[in-house]
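Q: Here it is, the structure in full.
The values are calculated or read from the model by the stated rules, or taken from the named source; none is laboratory data. Owing to the predicted nature of the structure, the values given are computational and were not obtained by experimental measurement. Every residue, glycine as well, gets a Cβ built from its backbone with ideal geometry; the counts of neighbours run over all protein chains shown.
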Amino acid sequence: MEAIHFPIRNWSEDDRPREKLMLKGKSALSDSELIAILIGSGNRNESAVDLSKRILTTADNLSALGKMSIPQLMNFKGIGEAKAISIVAALELGRRRRSEDSVELIKITSSKLVFEIMQPIIGDLPHEEFWVLFLNNSNKVIFKSQLSKGGIAGTIVDVRLVFKLALEKGATGLILCHNHPSGALSPSDADKKITKTLKLAGDSLDVKVLDHLIITETKYYSFVDEGIF
């Protein structure tokens with residue numbers, strides 16, 4: 001027997017995602033209810049909430065959903081280009097907020113803390129990016145910058161730009177970070193070479209390269225922790 005579908009407008013007010021947010025606050029809503037607000041409506045056989053639940057079930061979690069492309073989202077019946085763009089934009093805003101919140105004048109005391117700062121920024125990317133954290137005398141992060149963006153295999157780093165930024169920002173220490181989309185943690189010969197080059201350049205300018213982290217979705221590799229420095 002065909003299931004009976006009740007549009008959201010026919011639900012009790014307390015069950016409607018928008019009204020629920022107004023009455024109970026954003027924390028009272030489930031992930032699927034928040035996504036339902038973004039997409040506004042479902043399809044002929046599913047409410048917006050049911051469709052959102054199916055999308056989340058397919059993606060497994062919000063992190064995986066954040067990696068889905070617009071065409072992938074449009075494979076779900078009821079998700080057109082505009083709705084897919086809304087989902088992608090909302091998840092990107094959330095990612096950017098996490099990265100901004102995490103870096104504000106945090107004192108670096110361990111490689112794990114660097115991982116926690118940078119994983120939301122580069123851990124899930126399908127391509128490689130090279131970033132630098134600029135630290136003051138107290139080892140607090142005063143600035144972070146993407147130095148290069150490349151393909152799956154690697155990036156090219158401008159050594160002069162790194163230290164130009166360091167001097168402009170008054171940084172006394174640097175922490176290098178890049179991701180490996182493959183998930184492999186071992187540093188390549190190129191990783192070792194650029195680390196050595198930057199470390200030597202920093203020594204001559206009294207700007208210390210303190211560590212270099214390779215970051216994946218769930219793990220990291222620290223040159224200092226592994227005794228390479």
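Q: Please tell me if Leu174 is closer than 15 Å to Ser111 by Cα, in the same structural domain as Ser111 (by TED's automatic domain parsing) and touching a residue at least 60 places away in the same chain (Cβ under 8 Å).
A: Details: closer than 15 Å to Ser111 by Cα: yes; in the same structural domain as Ser111 (by TED's automatic domain parsing): yes; touching a residue at least 60 places away in the same chain (Cβ under 8 Å): no.
Spelling it out, it is not the case that Leu174 is closer than 15 Å to Ser111 by Cα, in the same structural domain as Ser111 (by TED's automatic domain parsing) and touching a residue at least 60 places away in the same chain (Cβ under 8 Å).
Q: Here is a follow-up. Answer yes if at least one residue in the stretch 134-142 is modelled with pLDDT of 95 or more and either under 15 Å from the mean Cα position of the chain (by Cα) or aliphatic (A, V, I, L, M) (or both), and no otherwise.
A: Within the stretch 134-142, one or more residues are modelled with pLDDT of 95 or more and either under 15 Å from the mean Cα position of the chain (by Cα) or aliphatic (A, V, I, L, M) (or both).
Q: Within the stretch 13-43, how many residues turn out to be more than 22 Å from Gly94 (Cβ to Cβ) and modelled with pLDDT under 90?
A: Looking only at that region, the number is 6.
Q: Do we find a residue being under 19 Å from Ser148 (Cα atoms), crowded, with 20+ Cβ neighbours inside 10 Å and among the acidic types (Asp, Glu) anywhere in the stretch 199-221?
A: Within the stretch 199-221 (the criterion being under 19 Å from Ser148 (Cα atoms), crowded, with 20+ Cβ neighbours inside 10 Å and among the acidic types (Asp, Glu)), the answer is yes, since at least one residue qualifies.
Q: Also, I was wondering about something else. Restricting to the stretch 15-33, name every residue that is crowded, with 16+ Cβ neighbours inside 10 Å and not small (Gly, Ala, Ser).
A: Correct list: Arg16, Pro17, Lys20, Leu21, Leu29, Glu33.
Q: What are the residues in the stretch 196-227 that are closer than 14 Å to Leu113 by Cα and among the polar types (S, T, N, Q), if any?
A: First, pick out the residues of the stretch 196-227 that are closer than 14 Å to Leu113 by Cα: 210-215, 218-222, 224-225.
Scanning the stretch 196-227 gives Thr218, Ser222.
Q: Hey, another quick one. Filter the stretch 208-229 for residues that are among the hydrophobic types (A, V, I, L, M, F, W, C) and under 21 Å from the mean Cα position of the chain (by Cα) and give the result. Lay out the reasoning, then the answer.
A: Here is the first cut: in the stretch 208-229, the ones among the hydrophobic types (A, V, I, L, M, F, W, C) are 209-210, 213-215, 223-224, 228-229.
If the condition is that a residue be among the hydrophobic types (A, V, I, L, M, F, W, C) and under 21 Å from the mean Cα position of the chain (by Cα), then Leu213, Ile214, Ile215 are the ones that fit.
Q: Still on this structure, I have one more. Would you pick out the residues in the stretch 105-119 that are at pLDDT 90 or above and either crowded, with 17+ Cβ neighbours inside 10 Å or among the β-branched types (Val, Ile, Thr) (or both)?
A: Ile108, Thr109, Ser111, Val114, Phe115, Ile117, Met118, Gln119
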